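The values are calculated or read from the model by the stated rules, or taken from the named source; none is laboratory data. None of the values given here were measured: they were computed from a predicted structure. Using ideal geometry, Cβ is built from the backbone for each residue, glycine included, and neighbour counts are taken over all protein chains shown. Surface accessibility is based on the protein's heavy atoms, side chains included, excluding ligands, DNA and RNA. Shrake-Rupley method; radii C 1.70, N 1.55, O 1.52, S 1.80 Å.
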Amino acid sequence: YLTAQGRGWDPTTSPLCDLGEYDYRRILAGEVWRLVTPVFLHAGLLHVAANMLVLYFAGSRLEERYGGREFVAFYLLTGTLANAGYLLVHL
């Protein structure tokens, strides 16, 4: 279920991606979780690697300074706000 078996290896065709990807029409229809879930979806191994590299360098310093809970809250809040801003652009 988590992979797009039978359709080649393209993570953007995964059923999991379909349930959580950013889609402003679906958000406006009430699927508000789509403001949060795109923070955890990635479009391939290079995308994951780049995000992990940034999280390692920037995230470790932020976590060291503010603590684990605050860093997770910051990560979720900024990702959600970025998607909300993107939604405003679509409107």
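Give the accessible area for residue 37 in Å² (nearest 10); use a 1.4 Å probe, count only protein heavy atoms, and leave out ligands, DNA and RNA.
Here the accessible area works out near 40 Å².
How big is Rg to Rh over the chain, alpha-carbon atoms, Rh as the Kirkwood inverse-mean-distance radius?
Radius of gyration over Kirkwood radius for the chain works out to 1.03.
Karplus couplings for segment 76-91 from phi (6.51 cos²θ - 1.76 cosθ + 1.60, θ = phi - 60°), rounded to Hz, Gly and Pro as x?
5, 5, 5, x, 5, 5, 4, 5, 5, x, 4, 4, 4, 5, 5, 6
Give me the 1.4 Å probe accessible area per residue for segment 19-91, excluding ligands and nucleic acids, in Å².
Result: 75 Å² per residue.
In cubic angstrom, how much convex hull volume per residue do the alpha carbon atoms of segment 48-91 span?
Convex hull of Cα atoms, per residue: 74 Å³.
Not counting the cut sites, what is the longest span of the chain without chymotrypsin sites (Phe, Trp or Tyr not before Pro) that DSSP labels loop and that have at most 15 other Cβ atoms within 10 Å?
Result for the longest clean stretch: 10-91.
Carbon-plus-sulfur fraction of the accessible area of the chain, 1.4 Å probe, in percent?
66
For the chain, take the longest principal axis of its alpha carbons; what is the angle in degrees between that and the long axis of helix 45-54, to the nearest 10 within 0 to 90?
20
Would you mind working out the magnitude of the charge dipole of the chain relative to its Cα centre, with +1 at each Lys and Arg C-beta and -1 at each Asp and Glu C-beta, to the nearest 20 Debye?
80
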